[in-house]
Amino acid sequence: FGMSLGGMIAQIAAVKHPERILTLTLLATSVIGSDDNTRDLPPMDERILTHHANGTHLDWTNENVVAEYLVSGSRLLCGSKRTFDETMVYTQIKQEIKRANNLLSMFNHALLQGDDAYEGVLHSIQAPTLV
């Protein structure tokens, strides 16, 4: 199973180590390959991009401000068809904040840069895949 960046990593694992992958389940991710592909996939919702951009202005030492920011992000990801349980999410986020060694590391994957090229290899994935 892979979501977002995890979905990209799962696809790479399926290409590089097919013997280790029985099935793939991909959620909220894109196909591996170049950024200039023409696969006509929908882009990331602008509200999510704006939310992440707003994170650069937070006081990450203020636990309450950070919790509110993370709750609002969870609310965005919940969408409009499901009931958002703010109390439960807030409780979970407060636990995550207390448990984290470095809370900002949850955003580090945006800094990753790879030098591998995966354009044109998607067809080599033989594992049954649910998207």
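The values are calculated or read from the model by the stated rules, or taken from the named source; none is laboratory data. Keep in mind it's a predicted model, so treat the numbers as computed, not measured. Cβ atoms come from the backbone with ideal geometry, glycine included; neighbour counts cover every protein chain shown.
Restricting segment 67-82 to residues that are among the small types (Gly, Ala, Ser) and part of a helix (DSSP H, G or I), which is nearest to ILE93 (Cα to Cα)?
Here the answer is ALA67.
Taking interchain pairs and intrachain pairs at least six residues apart, which have beta carbon atoms under 7 angstrom, with the first residue in segment 120-131 and polar (S, T, N, Q) and the second surrounded by 10 or more Cβ atoms within 10 Å (Cβ to Cβ) and part of a helix (DSSP H, G or I)?
Note: pairs meeting the criteria are SER124/VAL15; GLN126/PRO18.
Check whether at least one residue in segment 25-41 is modelled with pLDDT of 95 or more, on the phi < 0 side of the Ramachandran plot and not small (Gly, Ala, Ser), and report yes or no. If you could, list the steps in order and put the result at the bottom.
Taking segment 25-41 as the starting set, the residues that turn out to be modelled with pLDDT of 95 or more are 25.
Those left that are additionally on the phi < 0 side of the Ramachandran plot: 25.
Narrowing the set further to residues that are not small (Gly, Ala, Ser) leaves 25.
The answer is yes; a qualifying residue exists.
Starting from segment 10-24, keep only residues that are closer than 14 Å to ALA117 by Cα, then list their pairs with residues that are among the aromatic types (Phe, Trp, Tyr) whose Cβ atoms are within a distance under 7 Å, requiring at least 6 positions of separation or different chains.
Taking only residues 6 or more apart or on different chains, the pairs are ILE12/TYR118; VAL15/TYR118.
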